[in-house]
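Visitor: Once you've had a glance at the structure underneath, I'll fire off some questions.
The values are calculated or read from the model by the stated rules, or taken from the named source; none is laboratory data. Computed from a prediction, not measured in an experiment: that's the story for all the values here. Using ideal geometry, Cβ is built from the backbone for each residue, glycine included, and neighbour counts are taken over all protein chains shown.
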Amino acid sequence: MIQFFNTLSGEKEPFAPLVPGEVKLYTCGPTVYDFSHIGNLRAYVFEDLLKRFLQFRGFRVAHVMNITDVDDKTIRGANAQSVSLNEYTKPYIEAFFKDLNVLNISPADHYPRATEHIAEMVRIIKALLEKGIAYRTDASIYFSIAKFPGYGKLSKINLDQLRSTKRVESDEYEKESAQDFALWKAPKEGEPYWDTEIGPGRPGWHIECSAMSSKFLGPTFDIHCGGVDNIFPHHENEIAQSETYFGKPVVNYWLHCHHLIVNGEKMSKSKGNYFTLRDLVQKRQVKPMALRFLLLSTHYRKVLNFTFEALEQAEAAWQRIKDFLYELEHHAFPSGKNSDSQKLLEETNDRFVEGLSDDLNISVALTALFELIKKTNVLIKDGKICADDAKDTVSFVYSLDRVFALLPSKKDMDLADELRPKIQEREQARKERNFKRADEIRKELLEAGIILEDTKDGVRWKILEKRG
Ligand code: AMP
Ligand code: ZN
């Protein structure tokens with residue numbers, strides 16, 4: 001049995017998707033006004049763990065992640081640079097996909113963009129107006145939370161004490177005030193807007209996710225994820241909009257990951273206490289898989305305190321897994337099979353599955369893996385590992401890695417951007433028969449961990465794995 005902690009009920013619940021064997025998953029994506037920071041990436045790594053584990057357990061997962069490319073922040077950024085919204089968000093969208101790739105986060109099936117789903121949002125807002133749940137004020141349209149009896153059920157706010165008679169136009173606000181929120185914002189001087197049948201304007205943030213989740217996954221789907229900061233107001237408002245529109249519950253399991261913090265504070269752009277992946281990789285030579293290990297290794301509902309010391313420990317742990325595989329792949333073992341080793345693999349598998357089935361208890365799963373390493377090393381020392389055991393253990397670790405996704409050697413890794421032009425420069429040097437320069441570049445690349453092979457189909461490259 002798999003169970004997940006559902007924010008809605010406040011309890012762990014057995015997981016059963018609407019359609020047996022298939023999971024419909026929606027995860028809140030980036031607001032593309034800047035590069036993602038590693039706090040955002042913690043949320044995406046958690047969602048990746050969830051998805052990969054469900055796939056490991058045999059579910060087919062349909063995954064949708066939205067891209068918020070119109071909101072107060074993207075508009076502010078575009079105006080500051082005097083460019084269109086699209087021009088402004090494009091590099092951040094590209095950087096976002098690159099970050100996912102660098103961290104081995106498997107891609108979603110769809111990445112719908114808010115600006116491409118205005119019609120779907122307008123349809124819902126129009127229906128909410130017709131139902132009398134939404135109202136117009138100053139050419140904007142607001143949702144009346146007093147008319148949705150379930151308001152507050154996700155975030156557990158006490159409406160009697162907190163309900164404010166005010167309205168709020170901004171998309172983000174604190175739990176201390178439950179207010180009518182904007183579904184559609186009237187055009188303002190210098191801001192982009194759409195001419196639609198509900199009037200000119202632009203959507204609020206919350207309506208985006210109601211429109212895009214239902215378009216791609218249907219009115220009711222299985223799992224909705226985000227960080228805990230999304231619970232209120234974003235997800236609370238999403239429930240209010242979608243349940244009013246569809247007249248039924250829309251999400252069965254709400255899963256939220258806790259924050260990545262630095263010195264006791266949530267990592268965020270507004271506080272300035274953040275690191276981006278590119279900063280860590282380029283300026284501090286952090287290995288992406290060490291960061292993935294760090295982000296994965298704390299249970300998703302616990303706060304994770306980011307330190308460079310913790311990152312070093314994560315790298316050492318990750319290296320231990322790779323060294324273990326190297327040893328098993330390169331040591332000469334006697335032929336045959338040993339029951340001790342086979343039994344150990346079975347036990348490890350059971351603990352791994354049991355751990356992650358219990359609300360993604362990653363500590364149990366990682367402990368199982370590291371105990372396998374420790375115990376197998378003892379067996380090796382005692383001469384109790386045979387060639388078949390070594391082979392089975394390697395395959396087994398790779399099978400677990402379908403969930404952890406920490407072993408980049410099995411993946412067709414993308415070359416770091418700064419190395420690509422080098423390869424082209426070398427090609428050019430070879431064409432010009434400047435073999436001295438070509439050789440110099442080959443050496444430089446080798447130092448950076450890239451091996452080049454000249455084949456009749458052109459140049460091929462391989463990442464050189466650091467061994468021991
Ligand atoms: P945003 O781009 O701000 O809309 O956030 C994208 C995702 O990152 C959302 O799921 C947020 O809840 C999540 N997030 C933002 N900051 C953090 C943080 N410090 N730790 C973990 N998740 C975060
Ligand atoms: Zn969302």
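Visitor: Going through region 142-152 one residue at a time, which ones are in a helix (DSSP H, G or I) and surrounded by fewer than 16 Cβ atoms within 10 Å (Cβ to Cβ)? Don't jump to the end; show me each part of the working.
Guide: Of the residues in region 142-152, the ones in a helix (DSSP H, G or I) are 145-147.
Passing the criteria: only Ala146.
Visitor: Scan region 55-69 and give yes if some residue there is more than 10 Å from ligand 1 (Cβ to nearest atom), touching a residue at least 60 places away in the same chain (Cβ under 8 Å), crowded, with 17+ Cβ neighbours inside 10 Å and farther than 14 Å from Cys225 by Cα, otherwise no. So that I can check it myself, show each step before the final result.
Guide: Taking region 55-69 first, the residues more than 10 Å from ligand 1 (Cβ to nearest atom) are 55-64, 69.
Cutting the leftovers down to touching a residue at least 60 places away in the same chain (Cβ under 8 Å) gives us 55-57, 62, 64.
Then keep just the ones that are crowded, with 17+ Cβ neighbours inside 10 Å; that gives 62, 64.
Filter once more, keeping what is farther than 14 Å from Cys225 by Cα: none.
No, the conditions are met nowhere in region 55-69.
Visitor: Is there any pair with a first residue in region 268-280 that is closer than 18 Å to Asn230 by Cα and a second that is assigned to a strand (DSSP E or B) and away from ligand 2 (no atom under 16 Å from the Cβ) whose Cβ atoms are under 9 Å apart and which are 6 or more apart or on different chains, and what are they?
Guide: Cβ pairs passing all conditions: Ser268/His37; Lys269/His37; Lys271/Val262; Lys271/Glu265.
Visitor: Specify the residue that is surrounded by the fewest Cβ atoms within 10 Å (Cβ to Cβ); the eligible residues are those in region 214-233 that are in contact with a helix residue (DSSP H, G or I) (Cβ under 6 Å, 6 or more places away or on another chain) and more than 15 Å from Glu47 (Cβ to Cβ). Please lay out each step first, then the result.
Guide: Step one: of region 214-233, the residues in contact with a helix residue (DSSP H, G or I) (Cβ under 6 Å, 6 or more places away or on another chain) are 215, 219, 225, 227.
Checking the rest, the ones that are also more than 15 Å from Glu47 (Cβ to Cβ) come to 215, 219.
Numbers: Lys215: 16, Pro219: 14.
This residue is Pro219.
Visitor: Run Asp138 past the list (1) of a type in the set (Asp, Glu); (2) within 22 Å of Tyr33 (Cβ to Cβ); (3) in contact (Cβ under 8 Å) with a residue 24 or more places away in the chain; (4) surrounded by fewer than 15 Cβ atoms within 10 Å (Cβ to Cβ) and report the number of the one that doesn't hold.
Guide: (2)
Visitor: Going through region 226-260 one residue at a time, which ones are without any contact (Cβ under 8 Å) to a residue 60 or more places away in the chain and either near ligand 1 (Cβ under 10 Å from one of its atoms) or in contact with a strand residue (DSSP E or B) (Cβ under 6 Å, 6 or more places away or on another chain) (or both)?
Guide: Val228, Asp229, His258
Visitor: Let me ask you something else. Here are some conditions: (1) in contact with a helix residue (DSSP H, G or I) (Cβ under 7 Å, 6 or more places away or on another chain); (2) within 15 Å of ligand 2 (Cβ to nearest atom); (3) within 20 Å of Lys269 (Cβ to Cβ); (4) not hydroxyl-bearing (Ser, Thr, Tyr). Met65 meets all but one. Which one does it not meet?
Guide: (1)
Visitor: Only one of Tyr44, Tyr33, Tyr88 is in contact (Cβ under 8 Å) with a residue 12 or more places away in the chain, within 16 Å of ligand 2 (Cβ to nearest atom) and part of a helix (DSSP H, G or I). Can you tell me which?
Guide: Values: Tyr33 fails: part of a helix (DSSP H, G or I); Tyr88 fails: within 16 Å of ligand 2 (Cβ to nearest atom).
Going through Tyr44, Tyr33, Tyr88 in turn, just one is in contact (Cβ under 8 Å) with a residue 12 or more places away in the chain, within 16 Å of ligand 2 (Cβ to nearest atom) and part of a helix (DSSP H, G or I): Tyr44.
Visitor: Spot the failing condition for Pro17; the list is (1) within 15 Å of Val228 (Cβ to Cβ); (2) more than 16 Å from ligand 2 (Cβ to nearest atom), and only one is missed.
Guide: (1)
Visitor: I want to confirm something. Restricting to region 335-376 and keeping residues that are touching a helix residue (DSSP H, G or I) at 6+ places or on another chain (Cβ under 7 Å) and in a loop (DSSP other than H, G, I, E, B), which single residue is surrounded by the most Cβ atoms within 10 Å (Cβ to Cβ)?
Guide: Leu360
Visitor: Report yes if some residue within region 207-225 is assigned by TED's automatic domain parsing to the domain that holds Asp138, within 16 Å of ligand 1 (Cβ to nearest atom) and over 16 Å from Val251 (Cβ atoms); otherwise report no.
Guide: Step one: filter region 207-225 for residues assigned by TED's automatic domain parsing to the domain that holds Asp138, giving 207-225.
Now narrow it down to the ones that are within 16 Å of ligand 1 (Cβ to nearest atom): 207-210, 212-213, 223-225.
If we keep only those that are over 16 Å from Val251 (Cβ atoms) too, we end up with none.
Taking every residue of region 207-225 in turn, none turns out to be assigned by TED's automatic domain parsing to the domain that holds Asp138, within 16 Å of ligand 1 (Cβ to nearest atom) and over 16 Å from Val251 (Cβ atoms).
Visitor: Can you name the residue in region 174-214 that is of a type in the set (A, V, I, L, M) and farther than 17 Å from Tyr245 by Cβ and is also nearest to the chain's Cα centre (by Cα) among such residues?
Guide: Keep residues of region 174-214 that are of a type in the set (A, V, I, L, M), which gives 178, 182-183, 186, 198, 207, 211-212.
Now restrict to residues that are farther than 17 Å from Tyr245 by Cβ: 178, 186.
Working: Ala178: 29, Ala186: 33 Å.
Here the answer is Ala178.
Visitor: Answer yes if at least one residue in region 107-125 is within 12 Å of ligand 1 (Cβ to nearest atom), in contact (Cβ under 8 Å) with a residue 60 or more places away in the chain, assigned by TED's automatic domain parsing to the domain that holds Ser144 and part of a helix (DSSP H, G or I), and no otherwise.
Guide: Yes - at least one qualifying residue is present in region 107-125.
Residue by residue, here is whether (1) of a type outside the set (S, T, N, Q); (2) surrounded by 15 or more Cβ atoms within 10 Å (Cβ to Cβ); (3) closer than 25 Å to Ser297 by Cβ; (4) within 8 Å of ligand 1 (Cβ to nearest atom) holds:
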| position | (1), (2), (3), (4) |
| --- | --- |
| Ser9 | no, no, no, no |
| Glu22 | yes, no, no, no |
| Pro30 | yes, yes, yes, yes |
| Asp34 | yes, yes, no, no |
| His37 | yes, yes, yes, yes |
| Tyr44 | yes, yes, yes, yes |
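Visitor: Where in region 219-329 are the strands (runs of 3 or more DSSP E), entirely inside, with at least 1 residues that are under 24 Å from Glu13 (Cβ atoms) and more than 15 Å from the chain's Cα centre (by Cα)? Break it down into steps so the answer makes sense when it comes.
Guide: On the way: elements: 221-227, 251-257, 260-262.
It comes to 221-227, 251-257.
Visitor: Moving on. May I ask you to say which residue of Ser213, Ser155 is assigned to a helix (DSSP H, G or I) and among the hydroxyl-bearing types (Ser, Thr, Tyr)?
Guide: Numbers: Ser155 fails: assigned to a helix (DSSP H, G or I).
Answer to the selection: Ser213.
Visitor: With the requirement that a residue be without any contact (Cβ under 8 Å) to a residue 24 or more places away in the chain and touching a strand residue (DSSP E or B) at 6+ places or on another chain (Cβ under 8 Å), what does region 169-186 give you?
Guide: Ser177
Visitor: Right, another one. Kindly evaluate Tyr253 against the criterion of being within 23 Å of Leu49 (Cα to Cα), within 16 Å of ligand 2 (Cβ to nearest atom) and among the hydroxyl-bearing types (Ser, Thr, Tyr).
Guide: Working: within 23 Å of Leu49 (Cα to Cα): yes; within 16 Å of ligand 2 (Cβ to nearest atom): yes; among the hydroxyl-bearing types (Ser, Thr, Tyr): yes.
Here the answer is yes, as Tyr253 does meet what is asked.
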